[in-house]
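Notes for the one structure printed next.
All of the numbers you see were taken from the coordinates with simple rules; none came from a lab. Predicted model only: the values in this text are computed from it and were never measured.
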Amino acid sequence: MAEIDRAGKYKGKILDSSVGVTSQQGLPQLILNLLATEMYNPQEDAWYPWADYDESITGYLLLVYLDDKNQPFRFSHYENIMAVTGWDGESFAGLDKLDLTGKIIQFEVYEDGEYGFKVKQIAAEDGVLGGLRKLDDKDLAALDRKFSTGATGKKNTPAKKPKPKPTRKPPSVVDAVLADVGPCTVDEAWDACVAANEGLVSGAVPEKILEDYWRSRVQEIALESDNITGAEASLIRNGVLSDLGVAPAGDDIPF
């Protein structure tokens, strides 16, 4: 049986599953041995038979990480794993006891320059990988404030109220990062994310988690991961800042 050697979206069956831990930090992860049976062709919007290639991959899907105060937080795909496997999310022992052998699912494979090909996410057999990003109430309210034209077809401009005198405070690393929301280079975007994370004294995430946020945003936003534009770099930066719980400056930032 050969290893999957190209990025893309696949359907396949679970050959084996278990709950394990990462080697360095001991973080819980769902380990899936997956056999590809179909591959998606985005140009034709169709699934092609793939079983004859007899290709498989082992996916390591992190479930929870600890912040700098040793408090557990779920990874973004925790609930997705629950939906795909039928796990109730209550205990890792319960997840480990599930018999998932033979279950058909979708999974997305991407190429990590350092570690080869890896499983990014999973979905139900008839589900959607990388589904539409839904705006929350705060995002929708911001859209109403900026773009709503009301019944008259014109933008509603509320009467301006006197602004309270700002309270001065010492500038911080995070303030400096959020002051610049325009296009930037990839290196500048990454440096801004690192600086913002380091400035979050009480909520900084481990470096590997920050890298995971970055890779996820690159996959979501960039048309070509090896040729990221300045505009894409700024959106990736703002998306990672959002993942860190830091709201980028300006209502026009779509994260």
Enumerate the calculated ³J(HN,Hα) couplings along region 224-231 in order (Karplus 6.51 cos²θ - 1.76 cosθ + 1.60, θ = phi - 60°), each rounded to whole Hz, writing x wherever the residue is Gly or Pro.
10, 5, 8, 9, 7, 7, x, 5
What is the set of long-range amide H partners of residue 103 at a cut-off below 5 Å, with H atoms built 1.01 Å from backbone N?
14
Pulled fully out, how much extra length does the chain show between residue 110 and residue 208, if you take 0.36 nm times their separation in residues and subtract their Cα-Cα distance?
33.6 nm
In a Debye calculation with equal point scatterers on the alpha-carbon sites of region 14-60 and no solvent, what is log10 I(q)/I(0) at q = 0.18, 0.28 Å⁻¹?
-0.66, -0.95
Based on the alpha-carbon set only, what is the convex hull volume of region 2-124 divided per residue, in Å³?
121
Note: residue 44 to residue 70 extended length (0.36 nm per residue) minus current alpha-carbon separation gives 4.6 nm
